[in-house]
1. From the Cα gyration tensor of segment 26-106, with a ≥ b ≥ c the square roots of its eigenvalues, which class applies: rounded if a/c is under 1.5, or else prolate if a/b is larger than b/c, or else oblate?
2. Let me check against my output: what whole-number percent is the relative contact order of segment 203-255, with C-alpha pairs under 8 Å and at least 6 apart?
3. Would you please report the Å³ per residue occupied by the convex hull of the alpha carbon atoms in segment 229-289?
4. Classify segment 1-60 from the C-alpha gyration tensor, please: rounded if a/c falls under 1.5, else prolate or oblate depending on whether a/b exceeds b/c.
5. Mind checking which of ALA71, PHE35, ALA51 is farthest towards the positive end of segment 10-71's charge dipole, using Cβ charges of +1 (Lys, Arg) and -1 (Asp, Glu) about the Cα centre?
6. Using the Cβ atoms and a cut-off under 12 Å, what net charge is assigned to the surroundings of ALA68, where Lys and Arg are +1 and Asp and Glu are -1?
7. Give LYS261/LYS309; LYS226/LYS309; LYS96/LYS481; LYS226/LYS481; LYS226/LYS261 a once-over and call out the pairs whose C-alpha atoms are over 23 Å from each other.
8. Order these peptides, 28-34, 337-343, by their mean beta-carbon neighbour count within 10 angstrom, highest first.
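A short reminder: the numbers here are calculations on the coordinates, not readings from a lab. Remember, predicted model here, so these are calculated numbers, not experimental data. Every residue, glycine among them, receives a Cβ derived from its backbone with ideal geometry; neighbour counts consider all protein chains shown.
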Amino acid sequence: MEDKFDTLRAVTAQVSNIHETADLASLSSEEVKTFMRLAARLRQEADRVLACGSAEINQRSRRELGGAGLAKAEGFANPQTLIAALTGSTKADARKIDHLGKSLMDASPASFPSATGSADAGADGPGEAGDDAELGDTGSGDAGPMRPPWFAAITEQMRSGAITPDRFEALRAGLGSSSDTVPGEALAAAAQRILDCLHPEDLPETVFRDAANARAFLDRAGVAEKERQQLARQEAKVWTDREGMVHLRATFAPEDGTWVKNALDLVLGPRIGGPRFVHGKAAAAATTVVEDERSTEQIRASVLVDLLKTGALADENAIFSQKRPAVQVVVTAAELARPNADGVAFIQGTGIPVSMNMVSRLVCDTGLVPIVRNADGSPLDLGREVRLYTRAQRVVIATLQGGCAAPGCDAPASFCEVHHLQHWSEGGKTDINDGILLCRFHHMQLHNDGHRIIRIPGRKYEESYYWVPSALRDPGQTPIKLRFRGVARHNAQATHEPHEAHTVLPAARSL
């Protein structure tokens, strides 16, 4: 028995002392980065091993085994609590390991022939009912051979190491369960398209957002239903403690929440990474915010009070020195023209899908701005008449790119500046094709450290831009393909149809 675990014990002992033997203080910056990447790979491999153990625990704790099942026989209510006790992990980590194990078990009916469902399903909180519903597609042992669920293929990719466990969980959660209107085959195909578009720097949160957006195209009626559910959850609570301090806790649906956040970010932008202002009143206001001795949280509270005090009668320039807060919704012409009015749009900056009900209301309120694109998906050129990009050009670029294009950065378009691929002073054009959104930090880093962004002609818009690191950072200067987060990316993941013209719907409201 002991011999079975000698290798695992040896690996554990070696890993437990690696931080001492590596002498991290003596490493170069590049070596520290390599150390972190390899350590992360080690953690991912450990998660895969734990998932296999979790699958076996779930198999031996099946519901039909009752009190004889492993978890209950050991005195635990369900496999998840047993896993938490065995691993000494938090409830959140135990839930993750448990879910990974259930996915392995559910996706491999041949390996677990007696499994007809996850043990103690529903005990882990919201979402577990969806997992059980997924198994309804496989049938019971009495009905013949079990058919693997839609996520079987990506489960095998996770098992083999092709995708990390965190990305796998994000992908499965974002796409959700199959149903009468969303067949498992469609979810499996969407998952593969998302993996085909996967960028090496994509975080699990990014994968989840892409998966949720792909789900929106497959379950169009569900988008409107989710809007209604989120609106029903919108609330604000205000109370006074015994010292007289007034507390505010609020939860907003995406549309109203985006407006509130954008309103606060417009004022705090220069302090929390927003674009730089270099002229006139905007520059003076930005300097005041940056040099304010109060904390960012204290300034945010004051801004919120000022907004409530001034209300609808306020001169917006008294608070917003450059522009008014707005919610922008982006939709393709094809989605806008769908005969059943079941098209899908997205809130710019967050990528949250919304229904045509919201789009129709915003069109009545504020109108629309069409953006015409060429056959390769790129916007039409607008020339070299001015050095700075106009507001209309920025709207187009923001729609296409979605935010900072630097690898690994998630800054929204409202926090970005437009970088010229070729400096204007060197003959560069102020054309949309030559503009790249970069947050203030990455824009300054690009210029100060000697990085470049290049465009390869002849390719589709989303496939033609690359970040070339400086020779100091990467002697080989290996190009890194930029990952745009605009609506075109969501559409590419949801369908194989070519990109179409985009329309931006800006909605600016007073409080």
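1. On the way: a/c = 4.34, a/b = 2.78, b/c = 1.56.
Prolate shape, in that a/c is at least 1.5 and a/b is the bigger ratio.
2. Numbers: 36 pairs, mean separation 14.1, N = 53.
Taking the mean separation of contacting Cα pairs over the length of segment 203-255, I get 27 percent.
3. 113 Å³
4. oblate
5. Towards the positive end, the residue furthest out is ALA71.
6. Once positives and negatives cancel, what remains is +2.
7. Working: LYS261/LYS309 18 Å; LYS226/LYS309 33 Å; LYS96/LYS481 31 Å; LYS226/LYS481 34 Å; LYS226/LYS261 21 Å.
Cα-Cα > 23 Å for LYS226/LYS309; LYS96/LYS481; LYS226/LYS481; rest within.
8. Working: 28-34: 10.6, 337-343: 12.3.
Descending mean neighbour count gives 337-343, 28-34.
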